[in-house]
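See structure below.
The values are calculated or read from the model by the stated rules, or taken from the named source; none is laboratory data. Given the structure is predicted, the values throughout are model-derived calculations rather than measurements. As a convention, Cβ positions derive from the backbone with ideal geometry for all residues, glycine included, and neighbour counts pool all protein chains shown. The accessibility values were calculated without ligands, DNA or RNA, using every heavy atom of the protein model including side chains. Shrake-Rupley method; radii C 1.70, N 1.55, O 1.52, S 1.80 Å.
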Amino acid sequence: PQVFVIGSFAGGTGSGSFFDFSILCRAHGGDNMFYSAFFIMPWIYRDCAKTAYENGYASLMEIDRLNESTGSNPYRTNFGNALEFSLEDRPFHIVNLIDGKCRNGSQIDSHKDLAQYIGECIFNSVGAIGENAADVNNNIMMSINNTTPSDWNGRSAFYSTFGVSSIVYPGREIHERA
């Protein structure tokens with residue numbers, strides 16, 4: 001079973017609630033689930049949120065702290081009404097940080113288009129297509145789990161990102177040339 005948590009780090013509901021939500025997911029979902037997070041970085045909101053970059057930095061600091069949780073260094077929280085939790089493992093197996101700027105210089109300028117992109121990536125990771133994606137995830141997780149904090153200046157590796165590509169088969173043009 002998989003749990004997908006999606007939000008943004010620009011400020012507002014996503015960056016204000018991921019902290020509590022990730023703790024509650026892990027506490028109630030147990031250890032037999034694979035937890036993936038998809039967080040949109042502040043750049044896409046640069047024109048509509050005055051403090052997007054500051055909120056993004058604060059959110060990254062918070063998720064970094066949560067991801068350092070261990071049995072010997074748990075993160076403890078109290079939600080009141082006897083809802084106390086001790087997080088003894090990172091809340092997500094992998095945290096995908098997504099931006100609207102692509103390596104080739106193109107951009108996704110709409111947060112709605114970026115949400116569509118994330119949805120397509122998640123869709124492609126489940127079902128029949130997801131079997132190949134699971135192999136990729138297994139390779140990523142093996143790489144993450146086989147690194148030591150010394151490999152990353154004292155930090156653990158758990159961040160990733162992704163891309164989607166497609167092959168367009170020009171069937172009509174090929175048929176016409178034949």
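For the range 21-45, the set of residues classified as within 16 Å of the chain's Cα centre (by Cα), open to solvent by 10 Å² or more (accessible area, probe 1.4 Å) and closer than 18 Å to S86 by Cα consists of F21, C25, R26, M33, listed by residue number. Note on the range 46-67: among residues that are in a loop (DSSP other than H, G, I, E, B) and open to solvent by 50 Å² or more (accessible area, probe 1.4 Å), the one that is nearest to F18 (Cα to Cα) is T51. For the range 68-84, taking the residues that are open to solvent by less than 50 Å² (accessible area, probe 1.4 Å) and not in a strand (DSSP E or B), the one that is farthest from H28 (Cα to Cα) is identified as E68. In the range 48-59 there is no residue matching the filter, namely being modelled with pLDDT under 85, out of contact with any strand residue (DSSP E or B) (no Cβ under 8 Å at 6 or more places or on another chain) and polar (S, T, N, Q). Could you list, in sequence order, all residues of the range 85-124 that are in a strand (DSSP E or B) and within 21 Å of Y45 (Cα to Cα)? Within the range 85-124, V95, N96, L97, I98, K101, Q107 qualify.
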